[in-house]
Every structure is written in C-alpha cells, then in structure tokens.
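The structure appears below as structure tokens.
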Amino acid sequence: MSFVIGLLIYIVIFIALAAVGFFLLKSIFKALAAASGIMLVLTIILGLIVAADVKSLSENFKTKDKLILLTEQSSVLTGVKVGDVSKTQGKDFAAMLKDGTIVFVTATDVNSYASSLAQKDYDALLGSNYKLIMIDLKVFDSLQTVEFNKMQFSKDFIVSVIKSDSPADTLLTDETLTKMIDSGMFKLPDTLTAEQKTMYIEKAKQDGLLKKAMIDQFGSEDALKVILLGLMFNSLVSDSKEGPALLIEKYQDGNIQIYKESITFKLIKFMPVSLIKKFAGNMQPAATEQAAATS
C-alpha cells in the first residue's frame, strides 16, 4: 500500500511538471521532455542524499546511543539503552553490561518515559540518544510460544512477566520451577526424595531464595524483562518464514517506530514488501555461507 501511494505521488508530480511545462512551452513533447529531465535530476539528487544518509547511519548507529522501548499504546513496559557497539567484538554480555555498553531501563525511567509518550513528546524520549526505537506489543501478535533457556513458554505468559511489577515472582510459578529444575537451570541435591524436593522448593520460595537466585542469574528484574523481550524477538524472527523482513513489514505498519526518522527510513516505508522479502531471502544464504566459512 505504501509503495502504491509513493508511486501515485511520483506520477502526480510528473503530471504537474508536465502541465506547467506545456503552459510555458506550448508543446506536449517539450513539456514531457522537460518534466522527465527535472524528475531525473531530482531522482539523482535524492539518490545522493540517501547514499549520504545511509553512510551516516552505518557509522552513527554503531557508535552512538540507541534507546529501545517496548510499548503498549501509551504505556512503556521495558527498555534498554545500547551504546557504542563498534568495539564489542570478543566481549560477552556481562562485559558489555559492566562497561555500560548496555544499560537496562529502570522502573523509574519507565514511568518518566510513559509520561513523555502519553504527551507524544518524542524529543523528551529521545533525550541525548542518537535514535529512539519504539516497539509496540502488537509486533508479537502472531507469536505463540517463546523459547527460554531450552524451555518453551506461551507468549502470553512471557508478556505477563514483562508487565509485572515483580517479574521474578510472576515467572516462578510451580510449572516454571518444574521446567527449570528439569532443564538443570536450578539444581537440587541429588539425595532428595520426591517429597523432600517438594518441601525444599516450597521452603526456598517462602524464604525468597529462588527469587534471589533468579535475580542473581540475570542481574536485576529490569534486566530479566529486557532479556525476555530479546527472546520474544528471537522467537518471532526464527519462527517466521519471512525472517528479518518481517521486522521491516512491522515498521511499515507503524508497530515499530524510529525517531528521528531520516530519509532512508522514510523511503523504506514506501518500498514494496515483496522486494524486501526477496532481498532478505537472497541475503540469508550468503550470511549462512559466511558464518560457515568463519567457523
């Protein structure tokens, strides 16, 4: 639909230029030639502007701060700030947390961001960051299950954990605990009988030991929310036949927003989805071959 609108705008501009040309030159042929020439020059100029913008994006997107927020209408559910990733090769996740490359949004930040979002004050949301990326929960409408540490959970359950004021408590249901113990995420003494294991788990829950172990593993409850968001994204892309092209489709639908939106992002909205899918399909085998060659 966006591509059709873009094409119509292009045609309308061409007709307008041709009409003006005919009024001035009194010749249909000369008017069409003049309109074509002007459109060609404008297209070349636009191409040069886009090329410069792509170059700027490729450099700045790596090195400057990006704020990523998960939203639901005017609510902010969680978020993360990602800094300079140009020198992170060889660094693990913990190292990037330690040096501040990745900073999780706190509950206090969430409330502040929600206030700005409700007022549509995107400049306040952006702050000193290079780009603001807002991901609406609708992006995950088609998702059914989420894989978490080799365990399968329903998407609705993971969303309820992200929305919770106490995500660790919400996550630690009896069913979840059973899955975590079976997967080896939580280890119990081998000498315990089945009855003793049940009593051990209940005692650990009451004393808050399991919650503490969960928070210790993920760093904080804010971090847990962002990690679950990342797992939802991973499941969405890996489960979809469209792959990463699905995210561009969600961007065109308005369920993913980028601020400030440069000319490259504006043009992406007018690109036909079929072309994007074809391009992504051609890129995936090449990426797979490159990964295989370097492994």
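The values are calculated or read from the model by the stated rules, or taken from the named source; none is laboratory data. Just so it is clear, the structure is predicted and the values come from calculations on it, not from any experiment. Note that each Cβ is placed from the backbone with ideal geometry, even for glycine, and that neighbours are counted across all protein chains shown.
Only a single item in (1) modelled with pLDDT of 90 or more; (2) crowded, with 19+ Cβ neighbours inside 10 Å is not met by LYS138, and it is number (2). Among residues of the range 164-185 that are part of a helix (DSSP H, G or I) and of a type in the set (Gly, Ala, Ser), those with a beta-carbon under 7 Å from a residue that is surrounded by fewer than 18 Cβ atoms within 10 Å (Cβ to Cβ) and at pLDDT below 75 at least six positions away or on a different chain give the pairs SER183/ASN149. Only one of the numbered conditions (1) more than 27 Å from VAL237 (Cα to Cα); (2) surrounded by 12 or more Cβ atoms within 10 Å (Cβ to Cβ) is violated by GLN206, and that is (2). Considering SER128, SER160, SER154, SER166, the condition of being more than 23 Å from GLN252 (Cβ to Cβ), in contact with a strand residue (DSSP E or B) (Cβ under 8 Å, 6 or more places away or on another chain) and surrounded by fewer than 14 Cβ atoms within 10 Å (Cβ to Cβ) is satisfied by SER154 alone.
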